[in-house]
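The values are calculated or read from the model by the stated rules, or taken from the named source; none is laboratory data. As the structure is a prediction and not an experimental result, all values here were calculated from the model. Note that we place each Cβ from the backbone using ideal geometry, even for glycine, and neighbour counts take in every protein chain shown. Surface accessibility is based on the protein's heavy atoms, side chains included, excluding ligands, DNA and RNA. Shrake-Rupley method; radii C 1.70, N 1.55, O 1.52, S 1.80 Å.
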Amino acid sequence: MGTEVRIRQDTVAGWRGYRMEAGELTLGIVPQIGGRIMSLTQKGEELLFVQEQYRGQSIDLSKIQDLAKEKKRLGFRVWGGDKTWVSPEEEWLEKIPPLDLDSGVYSCEVKDKKIEMVSPVCRETGLKIIRQVELKDEHTVILNQTLINESSKVQKRGIWNVTQLRRPWDVIWPATKDKVIPVHDEGLKENADHKVTELFYSSTLKEGLTKIVCDDRTHFKFRAFISRGAVIALKRSKKGLIS
């Protein structure tokens, strides 16, 4: 028999939401702010970052008429957790994620071992996001993300999944070191070269593994040309190695 999966209503990091539990793995789902996963605990240890100053807060977007003006007032609000952003970033109004998608209230439905959250139709982009979260067992979380164009125009957009973790973590990509490239076009001037280490290289296959160490407050951003659609995140804690 597999591990029993339980879903119940609960308070998650100050918001109304749902807990999904299987063995020693627990997810905290918050439809109120962009359909986020705001908690992920393994053996009782919280793995996701939450911005403390916004904990439990929400924004009433229903009466907003001027999106650009409201974005300027709110600023770039980083809530934390795991969310779906819409690329390319260059098309964001005021260089801030679309409010309806990032901070809006998603409808929510519990389906067996799954929770499905659906965004409102975004007034800025005409898009709608569906996030379906499934806790398959105590080792496996499945996240399906769907982007729907509800507008009458053709759009070239992509799904950008963003997960904010609590440090420290080692992030390993299936890429050689020369294909892991720093991004400096966002004003990130700190030298993060020492954060990057090549773990493995095969001259025959022309493939490798490269590690980026995320263990302090150094501001950096990398992009990588990976050989496989996979990434490994490792955390060493008092309770052992978490991946």
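The table that follows gives values for the structure above.
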| read-out | value |
| --- | --- |
| Odd one out for L135 among (1) of a type in the set (A, V, I, L, M, F, W, C); (2) part of a loop (DSSP other than H, G, I, E, B); (3) surrounded by 11 or more Cβ atoms within 10 Å (Cβ to Cβ) | (2) |
| Search result, residues across the range 197-215 that are surrounded by fewer than 16 Cβ atoms within 10 Å (Cβ to Cβ) and modelled with pLDDT of 90 or more | T197, E198, L199, D215 |
| All strands (runs of 3 or more DSSP E) inside the range 189-243 with 3 or more residues being touching a Cys at 6+ places or on another chain (Cβ under 8 Å) and within 25 Å of Q42 (Cβ to Cβ) | none |
| Residues satisfying the stated conditions in the range 97-113, i.e. at pLDDT 95 or above, open to solvent by 20 Å² or more (accessible area, probe 1.4 Å) and either within 16 Å of the chain's Cα centre (by Cα) or not β-branched (V, I, T) (or both) | S107, C108, E109 |
| Top-ranked residue in the range 166-180 [being surrounded by 14 or more Cβ atoms within 10 Å (Cβ to Cβ) and touching an Asp or Glu at 6+ places or on another chain (Cβ under 9 Å); ranked as nearest to Q32 (Cα to Cα)] | R166 |
| Output for the range 50-72, where each listed residue is more than 25 Å from G28 (Cβ to Cβ) and in contact (Cβ under 8 Å) with a residue 40 or more places away in the chain | L67 |
| Residue identified as assigned to a strand (DSSP E or B), touching a residue at least 12 places away in the same chain (Cβ under 8 Å) and surrounded by fewer than 23 Cβ atoms within 10 Å (Cβ to Cβ) among E116, E94 | E116 |
